[in-house]
Ligand SMILES: NC(=O)c1ccc[n+]([C@@H]2O[C@H](COP(=O)([O-])OP(=O)(O)OC[C@H]3O[C@@H](n4cnc5c(N)ncnc54)[C@H](OP(=O)(O)O)[C@@H]3O)[C@@H](O)[C@H]2O)c1
């Protein structure tokens, strides 16, 4: 049986150097398994990605979830993060917290995008090392690849050219997160892995007009225009940029799969292998939300990178593939949006540091 939750000596990671057993690490002769007894910390559990990982973990029967809110633990503060790790002793960490947003948010808040993300990645990775977490999975982002990367983008494309200028500060911080995981693995033998998801959407997405990503932004715009009694929906850019999208529950499934099956310093892409033009996406969303709408593109607004499609063949070769088609995912997302009054659910059933985990 897995011995999870037992105090482990600090800085134990070095004992793992050279040990690479997927889904299982050996510490002082004790196997610490990623199973339903594990104490699992999902950083960012109220966000799009974190909430999907929590749903998936609960489906699998994981009950010892550690879910402090941002109000309880500001992940930019190393001392607070260290104190929380000392108190809560997570065995497994999904690092899905960060300052995230679309083109407008990146353009107007570049300092927050680089500072917050650099700090959050550094504090959590360092605390996971210092307090002996068995394994950590870090969420990178496909916008870390160069603007002119070959398409589809293989893992090797990272750091081979200039970044897309509209989100460079964010992308730099995301790259630093990958390098942190690699460095802690190399120097201390920590089993920290990085994944590179494509663009995501789904329940608990951010539908705020100023900071949302393209799918949430378009859904919101079609919805609001329908309610307003007007018919013209404005869409940023020329509509010709090509993008890939994954339903977030598929991403969560991939993250659990990789937590069990993957242990390497190279980051790994998580994508569907299919992309489409923003124009086609807008038409799909129109069909679901407001079939009578007229779409008007705004070519003076930025398109972002001309194409972004991940090469997910490495993940496929490990035996994982997504299940949810784009139309089905969009329908589920719009249902969630309508049922939840367009905004994220606040979950306050979270144990505070020191409180017993149910
Ligand atoms: N969305 C995508 O399309 C996409 C694609 C690829 C990769 N990713 C990566 O996936 C990760 C999660 O993205 P997401 O879309 O799920 O973002 P999100 O929906 O905005 O969620 C981010 C989460 O981080 C938390 N957080 C932010 N700052 C914090 C702080 N200082 N202390 C504690 N918690 C903090 C937020 O807490 P509150 O709930 O309190 O605000 C929220 O729960 C990010 O690393 C992102 O780079 C996302």
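The values are calculated or read from the model by the stated rules, or taken from the named source; none is laboratory data. Quick caveat: nothing in here was measured; it's all calculated off a predicted structure. Methodologically, a virtual Cβ is constructed for each residue, glycine included, from the backbone with ideal geometry; neighbour enumeration extends over all protein chains shown.
One table, with the values for the structure above:
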| item | result |
| --- | --- |
| Residue in the stretch 88-101 that is within 14 Å of the ligand (Cβ to nearest atom), surrounded by fewer than 19 Cβ atoms within 10 Å (Cβ to Cβ), over 21 Å from residue 244 (Cα atoms) and at pLDDT 95 or above present | no |
| Residue check for residue 252: surrounded by fewer than 22 Cβ atoms within 10 Å (Cβ to Cβ), in contact with a helix residue (DSSP H, G or I) (Cβ under 9 Å, 6 or more places away or on another chain) and on the phi < 0 side of the Ramachandran plot | no |
| Test: residue 291 is in a loop (DSSP other than H, G, I, E, B) and in contact with a helix residue (DSSP H, G or I) (Cβ under 6 Å, 6 or more places away or on another chain) | no |
| Single residue of the stretch 196-210 satisfying the filter (more than 8 Å from the ligand (Cβ to nearest atom) and within 17 Å of residue 51 (Cβ to Cβ)) that is modelled with the lowest pLDDT | 208 |
| Some residue of the stretch 295-316 being touching a strand residue (DSSP E or B) at 6+ places or on another chain (Cβ under 6 Å), in a loop (DSSP other than H, G, I, E, B), surrounded by 13 or more Cβ atoms within 10 Å (Cβ to Cβ) and modelled with pLDDT under 95 | yes |
| Long-range neighbours under 6 Å by Cβ, at least six apart or interchain, first residue touching a residue at least 12 places away in the same chain (Cβ under 8 Å) within the stretch 89-101, second part of a loop (DSSP other than H, G, I, E, B) and near the ligand (Cβ under 6 Å from one of its atoms) | 96/44; 97/44; 97/75 |
| Among (1) more than 10 Å from the ligand (Cβ to nearest atom); (2) at pLDDT 95 or above; (3) buried (at least 18 other Cβ atoms within 10 Å of the Cβ); (4) under 20 Å from the mean Cα position of the chain (by Cα), the one test that residue 123 misses | (1) |
| Check on residue 184, surrounded by 17 or more Cβ atoms within 10 Å (Cβ to Cβ) and either within 14 Å of the ligand (Cβ to nearest atom) or under 21 Å from the mean Cα position of the chain (by Cα) (or both) | yes |
| Boolean, residue 324 is more than 30 Å from residue 177 (Cα to Cα) and either buried (at least 18 other Cβ atoms within 10 Å of the Cβ) or in contact (Cβ under 8 Å) with a residue 12 or more places away in the chain (or both) | no |
| Pairs with Cβ under 6 Å, 6+ apart, first in the stretch 211-234 and without any contact (Cβ under 8 Å) to a residue 60 or more places away in the chain, second more than 16 Å from the ligand (Cβ to nearest atom) | 221/233 |
| Which listed residue is within 29 Å of residue 332 (Cβ to Cβ), more than 14 Å from the ligand (Cβ to nearest atom) and surrounded by fewer than 22 Cβ atoms within 10 Å (Cβ to Cβ), from 70, 46, 64, 130 | 64 |
| Pair list, Cβ < 6 Å and 6+ apart or interchain, from the stretch 186-198 residues that are touching a residue at least 12 places away in the same chain (Cβ under 8 Å) to residues that are assigned to a strand (DSSP E or B) and away from the ligand (no atom under 14 Å from the Cβ) | 191/25; 191/135 |
| Only one of 219, 246 that is within 10 Å of the ligand (Cβ to nearest atom), at pLDDT 95 or above and either crowded, with 22+ Cβ neighbours inside 10 Å or assigned to a loop (DSSP other than H, G, I, E, B) (or both) | 246 |
